[in-house]
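I have placed the structure first, in the form of structure tokens, so that the comments after it can refer back to it.
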Amino acid sequence: MDDTDMEILRSLVENSRITISQMSKEIDIPDATISNRLKKLEKNAIKQYTLILNPETLGLKVTAIIIIQTESEKHENVEKELSVLEEVSEVYSISGEYDILIKVWAHSIHELNRIVNSKIRSVDGVEDLTEMIVMERVKEGVVPPMGPEK
């Protein structure tokens, strides 16, 4: 990836609905060049085009980060089971005292409690968990840093 590829990606991150001709004008590169590079980026760097919804407009007023300890031999099963729960938006295998970190969305504390007790705790291999309720979203994003490697 060179500087031109990074400019194309930055442009898409800023406005994923930008047209090739608009991008061409912004970064001063011919349409054909952008089109060809985009095709290559879609094979390697771009996983998917998506949108970010405002959870509150959907009634999702509670966000929780939950860290989970698993039985070692059932770790992969726990990852798979948590990944299919629609209330769980992110699943990470982590190092340290806990094994998995998940992000959960709910309409209320009552619903979160139900999700934790009837869905998450019932996954075979979950030993212990700690819930943290998000009080305020200070920074939230889906794009990794794209600065130069140092």
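The values are calculated or read from the model by the stated rules, or taken from the named source; none is laboratory data. Since the structure is predicted, the reported quantities are computational estimates derived from the model, not experimental observations. Neighbour counts are summed over all protein chains in view; Cβ atoms, including those assigned to glycine, are modelled from backbone coordinates with ideal geometry. What goes into the accessible areas is simple: the full protein's heavy atoms, side chains included, and nothing from ligands, DNA or RNA. Shrake-Rupley method; radii C 1.70, N 1.55, O 1.52, S 1.80 Å.
Placing Thr19, Thr63, Thr57 in order of accessible area, with the largest value first and a 1.4 Å probe, yields Thr57, Thr19, Thr63.
Calculate what fraction, in whole %, of the accessible area of the stretch 76-133 sits on carbon and sulfur atoms when a 1.4 Å probe is rolled over the protein chains.
On the way: 1600 of 3390 Å².
Answer for the stretch 76-133 is 47 percent, counting heavy atoms of protein chains only.
Heavy-atom accessible surface of the chain, averaged per residue, reaches 71 Å², computed with a 1.4 Å probe. Between Gln22 and Lys74, full extension at 0.36 nm per residue minus the direct alpha carbon distance yields a gain of 13.7 nm.
Per-residue extension of 0.36 nm, minus the Cα-Cα distance of Glu56 and Met1, leaves a gain of 16.1 nm for this segment.
Summing Lys and Arg as +1 and Asp and Glu as -1 over all other residues whose Cβ lies under 12 Å from the Cβ of Ser24 gives a net charge of -2.
Quick one, what does Rg over Rh come out to for the chain if you take C-alpha atoms and the Kirkwood Rh?
Details: Rg = 19.9 Å, Rh = 18.2 Å.
With Rh from the inverse mean 1/r over Cα pairs, Rg/Rh is 1.09.
Please sort 39-50, 4-15, 86-97 by packing, taking for each peptide the average over its residues of neighbouring beta carbons within 10 angstrom, highest first. Walk me through the numbers on the way to the answer.
On the way: 39-50: 10.2, 4-15: 15.4, 86-97: 12.1.
Ranking, from highest mean packing down: 4-15, 86-97, 39-50.
Please work out how much length the chain gains when fully extended from Asp31 to Val138, using 0.36 nm per residue of separation minus the C-alpha to C-alpha distance, in nm with one decimal. The Asp31-Val138 span can extend by a further 34.8 nm. Other residues lying with their Cβ under 11 Å from the Cβ of Asn77 contribute a combined charge of -4, Lys and Arg counting +1, Asp and Glu -1.
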